[in-house]
Amino acid sequence: MKKDTFTFTNNRTNESYEFNILDATRGPSVVDISSFYKQTGMFTFDVGYTSTASCESRITFIDGEKGELRYRGITIEELAENHSYLETCYLLLNKRLPTKEELLDFDLELRHRSFIDENLITLIGTFPDSAHPMSILSSGVSALSSFYYEHLNMENEKECQDMARRIIAKIPTLAAFAYRKSLGIPFIYPDIDRSFTENFLYMLRAYPGGKMKRTATGVEEIKAIEIKALDTIFTLHADHEQNASTTTVRNVASTGAHPYVAISAGISALWGRAHGGANESVIAQLEMIGDVSNVDAFIARAKDPNDDFRLMGFGHRVYKNFDPRAKALKKLQDKLKDELNLDSKLMEIAHKIEEIALNDEYFIKRNLYPNIDFYSGVILTALKIERPMFTAIFVIGRTVGWITQLMEFKNDSSSKIARPRQLYLGE
Ligand code: CMC
């Protein structure tokens, strides 16, 4: 059968060229322009890749118009409501949800793999106390490549799974150590009696000897509702197809670099304010606004073309209707409002911003809606997690997505080193 093609006509020369149209199982078809330069002698130009599909993928699907997000075909609403973060990790890595026994084995394996080498702990100890947790985390993950240097055979499924499970297990420990280092307080080792998410909260909160905080009324244990809330946040962050940090991971991996160095590069890419760093900036911005009476002035600044001020937690390259992760988090925020005593002042300002922006011509015309980062900060604050750790929380959730995408890239026989060209305008 003849393939559908896309015809490109150069009206300078009147020559026409045909390119194959490839269909997706869902979402837009693509024009295969891999032979474009060979055929036409020209490059295509797409700053920020707004119209470019960089790879084939079978992991995550986003419908930006409908506000739909699925991992391996399952909606994130279903995963957030009825499954744990570890089940989601298993799903991403193995293309299906685990059985009860598989989940137990996976959970126990991650608990036992959660420890980090003593030399790496020494390295973390050498950072200045003022270091941002994201900088320690990115360096720590990069350093992990020297502790597990043996060259991986990416065609060996067991070796790949070990590599992936090791990084997923160790990321919360590295993040917790980075946090405690930034506060200048002693490290708390993982407790294998605790589940993935509980263990992370424990490593943040415990006192030396593994004791939890004592108050006049007793010991402040970690509440089930806090574990569920953070677990849901991890699930909602687990993957997001070819975003900036994932593209960074794939690009670094494309050179043949060690997988953990590629993940470290992904962490660095995520740190920026336009990407994962926005969750830290949202709370800083809400605090700067300070009172609902100041919201109008900040909205005016966001709309002013001569002011580079942007409303943090608003807008998305792909979602043009709503961000389903934001919707799920808003629901979680409302549910936790009383139980976790959420900061009502910050929520009041956030609601006011949301209300004005959703009805304002500027935001409507540009399809600017609250994104995942707009809501996560208020919940994380209620979980007693300090602001500089917010993006590290994003890292913990996203690591499984990065490593799954990296493995997919490595197993794709058509993958190549990432090497774009340019429109040269210099001397
Ligand atoms: N506040 C005010 N105006 C905005 C905002 C905002 N947050 N975001 C976009 N705009 C305007 C922008 O000025 C431009 O207006 P104009 O057409 O008049 O020049 C228009 O909307 C399109 O913006 P863009 O920068 O071309 O859009 P983009 O797709 O390249 O950028 C974005 C997407 C997320 C980087 C951007 O919306 C932004 O900077 N948002 C704030 C940071 C943020 O919340 N980031 C988290 C993203 S979600 C988590 C994640 O996956 O990382």
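The values are calculated or read from the model by the stated rules, or taken from the named source; none is laboratory data. The shown structure was predicted, so the numbers you read here are calculated from the model rather than taken from an experiment. Positions of Cβ are generated from backbone atoms using ideal geometry, with glycine treated the same way; all protein chains shown enter the neighbour counts. With ligands, DNA and RNA removed, areas are computed over all heavy atoms of the protein, side chains included. Shrake-Rupley method; radii C 1.70, N 1.55, O 1.52, S 1.80 Å.
Worth a mention:
- Close pairs (8 angstrom Cβ cut-off, 6 or more residues apart or separate chains): closer than 27 Å to residue 364 by Cβ in segment 320-341, among the acidic types (Asp, Glu) anywhere: 320/65; 321/65; 324/68; 324/77; 328/77
- Residue satisfying all of: in segment 315-330; among the basic types (Lys, Arg) and within 10 Å of the ligand (Cβ to nearest atom); modelled with the lowest pLDDT among these: 320
- At least 3 residues being within 30 Å of residue 325 (Cα to Cα) and charged (D, E, K, R) is the threshold, and among the helices (runs of 4 or more DSSP H) wholly inside segment 189-267 those reaching it are 224-237.
- Test for residue 181: is it in a helix (DSSP H, G or I), of a type in the set (D, E, K, R) and out of contact with any Phe, Trp or Tyr (no Cβ under 8 Å at 6 or more places or on another chain): no
- Failed item in (1) among the β-branched types (Val, Ile, Thr); (2) under 23 Å from residue 264 (Cβ atoms); (3) free of Cβ contacts under 8 Å to residues at least 24 places away in the same chain, with residue 124 passing the rest: (3)
Residue-by-condition table, conditions (1) part of a loop (DSSP other than H, G, I, E, B); (2) over 23 Å from the mean Cα position of the chain (by Cα); (3) over 20 Å from residue 199 (Cα atoms); (4) at pLDDT below 95:
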residue	(1), (2), (3), (4)
107	no, no, no, no
111	no, no, no, no
121	no, yes, no, no
131	yes, no, yes, yes
134	no, no, no, no
143	no, no, yes, no
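- Any hit, segment 294-314, residues being touching a residue at least 60 places away in the same chain (Cβ under 8 Å), near the ligand (Cβ under 9 Å from one of its atoms), out of contact with any strand residue (DSSP E or B) (no Cβ under 7 Å at 6 or more places or on another chain) and in a loop (DSSP other than H, G, I, E, B): yes
- One residue from 330, 337 being open to solvent by less than 80 Å² (accessible area, probe 1.4 Å), within 28 Å of residue 383 (Cβ to Cβ) and basic (Lys, Arg): 330
- Taking residues in segment 265-283 that are within 9 Å of the ligand (Cβ to nearest atom) and open to solvent by less than 30 Å² (accessible area, probe 1.4 Å), and partners anywhere that are of a type in the set (Gly, Ala, Ser) and assigned to a loop (DSSP other than H, G, I, E, B), the pairs with Cβ atoms closer than 6 Å and at least 6 places apart or on different chains are 270/276; 278/313; 282/313.
- Pairs linking a residue in segment 371-396 that is away from the ligand (no atom under 13 Å from the Cβ) to a residue that is open to solvent by less than 10 Å² (accessible area, probe 1.4 Å) and β-branched (Val, Ile, Thr), with Cβ atoms under 7 Å and 6 or more positions apart or on different chains, are 379/233; 380/393; 381/283; 385/393; 387/283; 396/171.
- Residue tally, condition open to solvent by 50 Å² or more (accessible area, probe 1.4 Å) and in a helix (DSSP H, G or I), over segment 343-387: 14
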